[in-house]
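Here it is, the structure in full.
Since every read-out is calculated from the coordinates, none of them should be taken as a lab result. Note that this is a predicted model, so its numbers are computed, not measured. No Cβ is skipped: glycine too gets one built from the backbone with ideal geometry, and neighbour counts run over all protein chains shown.
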Amino acid sequence: MAKFVVLLGPPGAGKGTQAEIIAEKLAIPHISSGDLFRENLKNETELGKKAKGFMDAGKLVPDEITISMVAERLSRTDCNQGAILDGFPRTPYQAHELDIILAEKGNTICCVPYIMVSDQDLLERLTGRWTCKAAGHIYHAKFNPPKDPGICDIDGSSLYQRDDDKKETIEKRLAVFHEQTAPLIAYYREKNLLVEVDGTQPIEQVTTALLKTVTSVA
Ligand code: ADP
Ligand code: ADP
């Protein structure tokens, strides 16, 4: 049975960090809408050009653009056994469309871990986040430093701080989360899919809690 997991949580909660680890353990792809947008920005595609202004402003990219991009990614054969979705859906409309996209192939979401962290902690996490240029591997100056400063442990590429990881944009993104994404908590709770996870624990402990959740559901 294919396993589609939606990781829900505010910016900086640890979705990308955890998705990478869990996807490898379950041998299914990690699909990050943010990474897909950044890939398009890097390659200067039409989609990247459309998304850039919204991302720089800390706003959500419009639903139509986002949904078709993720739908295309989910249509690839490497998703036949499932996927870990990170950063998508982020609006009730996206959540509704995801249900339809999955249902077309007889699939459903198996669980929605909600990684909870306070806004104050999120600010510290995001201002200290370093991301690898080649593949988006994630580090933190204090909480998860690379072995060599500025260099990715995994692929040796250089690390950079994202343009949207500056204080004013972070504050905007957190407000957007509370306004537009937080309604998904109730949406998935009603469907009995939501599992709250304490995201303030160290990375390994969050991984353990998430693995327990995703392996306990069919
Ligand atoms: P974070 O990891 O900090 O939560 P992401 O990498 O997921 O940030 O997203 C970066 C930006 O990409 C968002 O601020 C938004 O502009 C855009 N984006 C990513 N996912 C979505 C989505 N599902 N819907 C709309 N915009 C999105
Ligand atoms: P998201 O994808 O939800 O935006 P990330 O996985 O990019 O979040 O994590 C945001 C920042 O917080 C990164 O710098 C990451 O290294 C760090 N981080 C992730 N999980 C934890 C944790 N459990 N404790 C402390 N820092 C963490």
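Using only the Cα atoms, work out Rg/Rh for the chain, with Rh taken as the Kirkwood radius, to two decimals.
Rg divided by Rh gives 0.93.
Another question about this same structure. Can you give the translational diffusion coefficient of the range 3-111 in µm²/s, computed by Stokes-Einstein from the Kirkwood radius over Cα pairs at 10 °C and 1.306 mPa s? Let's see the in-between values first.
On the way: Rh = 14.2 Å.
Answer, rounded: 112 µm²/s.
Amide H of Arg90 versus every other amide H placed in the peptide plane: which residues, excluding those fewer than 5 positions away on the same chain, fall under 5 Å?
Placed amide hydrogens put Ala95 under 5 Å from Arg90.
Here is a follow-up. What percent does the relative contact order of the chain come to when contacts are Cα pairs within less than 8 Å and at least six residues apart?
30 percent
While we're here: Rounded to the nearest angstrom and ordered from largest down, what semi-axes does the equivalent ellipsoid of the range 48-161 get from its C-alpha gyration tensor (root of 5λ)?
So the three semi-axes of the range 48-161 are 29, 18, 16 Å.
Just going by the charge dipole of the range 146-218, with Lys and Arg at +1 and Asp and Glu at -1 on Cβ, which of Gln161, Tyr187, Thr200 is farthest out on the positive end?
Value computed over the given set: Tyr187.
If each residue of separation counts as 0.36 nm, what is the full-extension length gain between Tyr93 and Ala71 once their alpha-carbon separation is subtracted?
Values: separation 22, 0.36 × 22 = 7.92 nm, distance 1.36 nm.
Taking Tyr93 through Ala71 to full extension adds about 6.6 nm, to one decimal.
Please compute the length gained on full extension between Asp121 and Thr208, using 0.36 nm multiplied by the number of residues separating them and subtracting their Cα-Cα distance.
29.3 nm
Once label points are set 7 Å from the Cα along Cα→Cβ at both Ser216 and Glu39, what is their separation, rounded to one decimal in nm?
3.3 nm
If you plug each phi of the range 5-13 into the Karplus form 6.51 cos²θ - 1.76 cosθ + 1.60 with θ = phi - 60°, what whole-Hz ³J(HN,Hα) values come out, in order, with x for Gly and Pro?
Working through the residues one at a time gives 10, 9, 8, 10, x, x, x, x, 5 Hz.
On to the next question. Once a ≥ b ≥ c are taken as the square roots of the eigenvalues of the Cα gyration tensor of the range 127-218, is the result rounded (a/c under 1.5), prolate (a/b larger than b/c) or oblate (a/b not larger than b/c)?
In terms of gyration-tensor shape, oblate.
Taking H placed 1.01 Å from N in the peptide plane, check which residues at least 5 places from Trp130 or on another chain put their amide H under 5 Å from its amide H.
Counting only residues 5 or more places away or on other chains, the set is Tyr139, His140, Ala141.
In deg cm²/dmol, rounded to 500, what helix-only [θ] at 222 nm does the chain give when every DSSP H run of at least 4 residues adds -39500 (n - 2.57) and the total is split over its residues?
Calculated from helices alone, the mean residue ellipticity at 222 nm is -13500 deg cm²/dmol.
What's the center-to-center distance, using Cα atoms, between the range 25-42 and the range 105-140 in Å?
Each part reduced to its Cα centre gives a spacing of 12 Å.
For Asn192 paired with Lys167, estimate the spin-label separation in nm (one decimal), with each label point 7 Å from Cα along the Cα-to-Cβ line.
Once both label points are built, they end up 4.7 nm from each other.
Quick one: putting +1 on the C-beta of Lys and Arg, -1 on the C-beta of Asp and Glu, what dipole do you get for the chain around its Cα centre, in Debye to the nearest 20?
Dipole of the chain, to the nearest 20 debye: 80 debye.
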